[in-house]
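What follows is one structure encoded as structure tokens, with my remarks underneath.
Read-outs: derived from the displayed coordinates by stated rules, not from any lab. Keep in mind that this is a model prediction, so the values were computed, not measured. Don't worry about glycine lacking a Cβ; one is built from the backbone with ideal geometry, like all the others, and counts go over all protein chains shown.
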Amino acid sequence: MFSDDFELVIMMNEFNEPNAHRESIKYVLGDLSSEGIETSDALAEIRGYGFGADALALFIGFGLGLFFAGKKIEENLDSWIRLGKRLSKAISRLKKRQANVMLSEPMAAALSMSSVADIEANYSHILPLSSVIYPIPNSTLNRELINIFKENPYRYYVFGWSINNEFIRIIYMTSYGEIILTHKLPLDYPEFHKIAFSDLPQKT
């Protein structure tokens, strides 16, 4: 369903200081591990990100894709929600180090799903309906790289989730994991009819 792998970009001022990379990377991976995110097989590398004058940041690629391989979200719902909750705690922990964490599409989806599970506490099942990425244009990158998270992690996500086949929950969020807006759309005809025509001009 998703175009990205399980990846993070972590920005800290420490990565721009001489000879600070190795120690800073160790602390970041330790924070992730402390919240239950497996990092033993993770690829971690310092890369330049930004617009114009690049800032250095840590790119982390996980082996989580193997864990979820061949399994649809609806067949492994608890694991996705659990990953989202662990990510939320890890982001909070890293923020205490003055770090900003950016999420690839499946990581953001897990965070979105855990948020939906909290909002809709009485759900029996959550089904993915859609995922849309809106990358931030970057004139310093070749056009074909703008949509690749590893090259350009600056983006918006819009996720659509069906809740119990009764309504749709739309989540708008940034790749920083910030939920901008959440909106509920009914699936029953009388309510849909009201919404569908509510903004039409009134006859005079």
Next on the checklist: Given the DSSP H assignment, sum -39500 (n - 2.57) over each helix run of at least 4 residues in the chain and divide by its residue total; what's the result at 222 nm in deg cm²/dmol, nearest 500?
Outcome noted: -9500 deg cm²/dmol
Item to check | Cα centre as origin, Lys/Arg/Asp/Glu Cβ charges: region 7-197 dipole, Debye | outcome: 240
Item to check | Leu145, Leu94 arranged by Cβ crowding within 10 Å, fewest neighbours leading | outcome: Leu145, Leu94
Checklist outcome for this item: Straight-line reach check, Lys96, cutoff 18 Å on alpha carbons, 8 or more apart in-chain or any other chain, hits among aspartates and glutamates -> Glu14, Glu23, Asp31, Glu35, Glu178
Item to check | Relative contact order of the chain, pairs being alpha-carbon contacts under 8 Å that are 6 or more residues apart, as % | outcome: 19
